[in-house]
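Derivation of every value follows stated rules applied to the coordinates shown; laboratory data play no part. Note that the structure is a prediction, hence the values are computed from the model and not measured.
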Amino acid sequence: MLRLAQHRRHPRARASSAASRRPHISQPELPLAIRVRTGATKVPRHDASARRVLVLFLGLVTAVLVALALVGERGLIQTVKARRDFEQVTDAIDDLRQENRRLRTVAERLRRDRSAIEDLARGELGLLRPGEQLFIVTERDQR
């Protein structure tokens, strides 16, 4: 049985001081558990089957969440694909901006310099000045 008041005593304290003051008072002993009869009956626990169902349910929920995180509308696979598409579009935009800069400089040069127009006409259109002759050189088979 458990006693209500058990105090630790300092090693130097007098052992009989409490007993000498009140020798007629003794500590009653109490039972460990107080039993009250309510008429209710105890329901047997089914821990193993309930725990198994809970584990299966949590496993199913976890599997669904992992699947949605991987292949869902905002899943990992879609995020990686969207990042790759974004990088491709960004690269295409950079290429187009460089091409626009090049074309702007060519257009400005064509507006200001007449020799640029002549170079363009000779290179792309194959035009000649009056009095020039065109020679086309081909290789012959040496048999």
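For the reader, a short list of remarks on this structure follows.
- Computed from backbone phi with θ = phi - 60° and the Karplus coefficients 6.51, -1.76 and 1.60, the 3J(HN,Hα) list for segment 117-122 is 5, 5, 4, 5, 5, 5 Hz; x is used for glycine and proline.
- The H on the amide N of Gly72, modeled in the peptide plane, is under 5 Å from the matching H of no residue at least 5 residues off or on a different chain.
- Here the extension length gained between Ile77 and Val89 equals 2.5 nm, from 0.36 nm per residue of separation less the Cα-Cα distance.
- For segment 36-102, the C-alpha radius of gyration sits at 2.58 times the compact-globule guess of 2.2 N^0.38 Å, with N the residue count.
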